[in-house]
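The values are calculated or read from the model by the stated rules, or taken from the named source; none is laboratory data. All values derive from a computational prediction rather than experimental measurement. Positions of Cβ are backbone-derived with ideal geometry, glycine not excepted, and every protein chain shown enters the neighbour counts. Surface areas here come from the heavy atoms of the whole protein model, side chains and all, with no ligands, DNA or RNA. Shrake-Rupley method; radii C 1.70, N 1.55, O 1.52, S 1.80 Å.
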Amino acid sequence: MKWVKGFLGLVFILLLIAGIALVVLINPFGASPLNHYTKDGNLPLPGLTAPVTVHRDAKGMAYIYARNMEDLILAQGFVTAQDRLFQMELTRLFASGRIGELAGEKARGLDVRMRTLGFYRHAKKHAALLNNETRTFLQKYVDGVNAFIRNRAGNIHLEFKLAGIKPSPWDIVDSLTIIYFMGWASAANMESEVVAQMLLDKLGSAKAAELFPLNINPDDEIKADDNPTKSDFKHAGLNLTFDNALFAYSKSGALKIGSNNWVAGSELSPGSMPILANDPHQEARILPGPLYPCGLIKPDLRAVGVTVPGFGGMVIGRTAHVALGATNAYGDTQDLYVETIDPEIPDNYLEGSKSIPFEVIEETLKYKDKKLSGGFREEKIIIRLTRRGPVISDVIKGLKTDKVITVRWSGFEVQSPSIGLERLIECRSVAETRQVLGSVNQIALNFVIADAAGNIGWQATGKLPIRTQAEGLVPYVVESATDNWTGWIPWDDMPHAVNPARGWLGTCNHLTVDRVYPYHYTTHASPTYRYRRLIELMETPGKKTVDDHWAFQRDTRNLMAQTIAPIISRALLTYDDTKQMGAVLADWDFVDSPDQAAPAIFQTVYREFALLVYADELGEDLALTMLNNWYFWQERLQKMVLEDNSAWFDIVSTTDKKETRDDLFRMAAQKAAEKLAATLGADPAKWLWGKLHVHEFVSPLRRSGSGAEWLGGGFHAAPGSGETLYRGIYEFSKPYKIKIPASMRMVADLADPDKILAVLPGGVSGRQFDPHTTDQVKAYMNGTKVYWWFSDKAIKAHARHTLILSPN
């Protein structure tokens, strides 16, 4: 069958090439062969006040030289559109609920959810509130994008023609919509609330609380055992298990943003200046990756780093004065609400005895339909909202009164004149950067910061509500007009630190507040394995070089396995049928290397073990729903394994026996062996992790099926796991192909005047067949050093192309 798939893939590629040849001949946008664009010579750029120079290096990365900020951002919009316009269009369509215009009616559910949440709707309101500086910044960026679209200079992406769509003008609302979408998608608490409610429905408060997340801050002196899990949650008895609409919302647009970042102070760095490291974890399988790098240079500013295509400036990188890195803080900015429909007036909802009409919004969806003369079919939908937010569930029946679920997000309620992110490139110190971050309301991130004066800092962003119920793990039952959000956590109380005594700061999506923090911060935080490993590495004696930090980002020691694998090994060595697997684990160094069998045995056995622990009492569907949310259960299950006395180890359906933890490990190993042998052969020593744990790079034109491998960056055996600093998360229900890897790795040494060590998963360009779409894949996988150039001398020495953008 492999040769058949290969033949079909070859046929697909030949047909695609034939189509490209036709497109080259008839494309009204004038696409040149192989999707090239203008990198040298001169091009007009209306709106400039003076010429702008764009150097591109061997990676295709642009370094933009302008005389003032407005020209700089205008040119950035133009250059970004050269490289990433099709990617920008896909993101815009997705976030604004218009993907059906590309994908047809099969995207209806997604478009309905995006319209209901209303990122574009709220971005439009926000645009009217912006101050002149922020509005000008955003407008200049989209003016540059539109100049590229309007003049078709250097060729519009071939992908537009192949997808059957045309690029349309951009507005500042589009840029804001992307920021709103990213902010929403990084706030993952909603999924945890749905899972928690399902557990409450199934088990009741006391039993469900045994499974609720265990969030630990390794820097907290108070032990987790001293803070028992709350078991008296006030909740509505709902049946959400089969509410497909609500469950879809909990998954919609979830970017699952993770990340590691840290900064070492001057005393820990050989050059006596801080070194900052950052590797954001995002959905980075789709080429060229979600982040866009470039250099932005004018007489009084020099910034080299990345931003999100569709939004100007620099969010991660360094300037002449500061370096920045960001991770997801997972601050809880979302709440679900159980609302009661007025039984007397179904178009109203109740707040206590008060009946209030639903706010009703009508939206028009468009679906691509080649059968119609205009190419699109339209459908009108109705969105209902309460004072808290939009209705996102079906009507929940079977109760005394019909209920619906609404969702509330702080990002929609804290619109301010500045986005904050657009001002980062002009900051000159840790203190100034922290002040600017106070305006970043729409996304909850952990920024680590370093400045040229030797200061280091960490600051969490976003607006988090102060709740009357003191936590946000389960949906809030609306029983009156009293608002459960009574205010916002004051900026001075948001998690932060400056110049700590230990000389370094870092975050790995873990819980960063201590047990006496006066506000609810989150119930969705990463297990501590990555951050504990970072502590081990950073607290080894001696100064840490750039190469050390680069190696730390690729570190694959698994501290979860180091804790649990010896227990599994001892259990498996007891039995003849699992002894060989136990011996492999016993010899393991706990490094998740692709050429070792132990990581594969550990991951598969522990996965089967988790299913055995939970599926008999929860049912397989609910168990998988919970287990797909890694942060919800990993620390809790480890605690159960270590204590070895949990009633959850007993399989309730076997009434003649009470199973133990080690019984389940043996049963899990038997299941794992059967599955591994079916795909990798009978010898456990040959069950190599790299044969299961693979990184696939795909083209947006062909993400799966015949031809996908030809158009993408191929399959690569991948080290690491979800528990290592070298991140490679897979979906629990779809093992073991990587879903969330690093979307960039960067190490910035403020003592180095010439360069920044950084690599992308794919490349700079988002154009199919452009070599700069995949030219960094090999370096990304094998650790070869790639650089962004910082000084004028280095930029000019490595320039391979020079383009002059001129005013009309």
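What order do you get for 548-556, 568-576 when each peptide is scored by the mean count of other beta carbon atoms within 10 Å, highest first? Intermediate results must be reported in sequence, preceding the final value.
On the way: 548-556: 20.1, 568-576: 18.2.
Most protected by this proxy first, the peptides run 548-556, 568-576.
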query = Got a sec? Charge dipole of the chain, +1 on Cβ for Lys and Arg, -1 for Asp and Glu; which of ALA708, SER480, VAL391 is way out at the positive end?
reply = ALA708
Filtered trypsin sites (Lys or Arg not before Pro), region 713-794: DSSP coil and at most 13 other beta carbons within 10 Å = LYS785
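Please give the net charge around ALA797, taking every other residue with its beta carbon less than 12 angstrom from that of ALA797, where Lys and Arg add +1 and Asp and Glu add -1. Numbers along the way, then the final one.
Details: positive: LYS755, LYS793, LYS796, ARG800; negative: ASP57, ASP754, ASP792.
Neighbour charge sum, excluding ALA797 itself: +1.
Roughly how many percent of the accessible protein surface of the chain is carbon and sulfur, given a 1.4 Å probe and a whole-percent answer? Spell out each step's value before the answer.
Values: 15980 of 30070 Å².
Result for the chain: 53 percent of the exposed heavy-atom area is carbon or sulfur.
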inquiry  = Please give the charge dipole size of region 52-196, origin at the Cα centre, charges +1 on K and R Cβ atoms and -1 on D and E Cβ atoms. Round to the nearest 20 debye.
reply    = 320
ask   = Which helices pass in the chain if a helix is a full DSSP H run, must span at least 24 angstrom along its long axis by Cα, and must have mean Kyte-Doolittle hydropathy not below 1.6?
value = 2-26
request  = Before rounding to the nearest 500, sum -39500 (n - 2.57) across all DSSP H runs of length at least 4 in the chain and divide by the residue total; then give [θ] at 222 nm in deg cm²/dmol.
outcome  = -10500 deg cm²/dmol
query = Taking the DSSP beta bridges in the chain as the whole, what percent of them are antiparallel, to the nearest 5?
reply = 90
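Please list 403-412, 132-141 highest first by mean number of surrounding beta-carbon atoms within 10 Å per residue.
On the way: 403-412: 23.3, 132-141: 19.4.
Packing proxy ranking, top to bottom: 403-412, 132-141.
Highest mean first, what order results for 374-386, 426-438 on Cβ atoms within 10 Å? Walk me through the numbers on the way to the answer.
Numbers: 374-386: 14.2, 426-438: 19.0.
Listed from highest to lowest mean packing, they are 426-438, 374-386.
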query = Given labels modelled 7 Å from the Cα in the Cβ direction, how far is it in nm from LYS380 to ASP219?
reply = 5.5
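State to the nearest 20 debye the size of the charge dipole of region 412-480 about its Cα centre, where the only charges are +1 on K and R beta carbons and -1 on D and E beta carbons. Could the numbers behind the result be given before it?
Details: 5 positive and 7 negative charges, 22 e Å.
For this selection, approximately 100 debye.
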key: Given [x] 222; [y] 206; [z] 168, the label whose value is volume of the Cα convex hull per residue in Å³ derived from this model   = [z]
ask   = Given a 1.4 Å probe and the protein chains all in place, what does the accessible area of ARG467 round to, in Å² to the nearest 10?
value = 20
key: Given charges at beta-carbon only (K, R positive; D, E negative), |dipole| of region 36-108 in Debye   = 200
ask   = How far is the Cα center of region 154-186 from the Cα center of region 742-795, in Å?
value = 24
message = Can you give me the distance in nm between label points at THR563 and GLU620, each placed 7 Å from the Cα along the Cα-to-Cβ direction?
response = 3.0
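In Å², and per residue, what accessible area does the chain have when probed at 1.4 Å with the other protein chains present?
Values: 30070 Å² over 808 residues.
Per-residue value: 37 Å².
Which pairs, out of LYS671/LYS734; LYS39/LYS140; LYS686/LYS739; LYS59/LYS140; LYS737/LYS785; LYS106/LYS380, put more than 19 Å between their alpha-carbon atoms? All intermediate terms of the calculation are to be shown ahead of the outcome.
Numbers: LYS671/LYS734 16 Å; LYS39/LYS140 21 Å; LYS686/LYS739 24 Å; LYS59/LYS140 26 Å; LYS737/LYS785 25 Å; LYS106/LYS380 16 Å.
With Cα atoms farther than 19 Å apart: LYS39/LYS140; LYS686/LYS739; LYS59/LYS140; LYS737/LYS785.
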inquiry  = Give me the one-decimal nm value for the distance between modelled label points at ALA779 and THR802, 7 Å along each residue's Cα-to-Cβ direction.
reply    = 2.3
inquiry  = Name the residue from TRP409, LEU45, ALA326 whose Cα lies farthest towards the positive end of the charge dipole of the chain, charges +1 on Cβ of Lys and Arg and -1 on Cβ of Asp and Glu.
reply    = LEU45
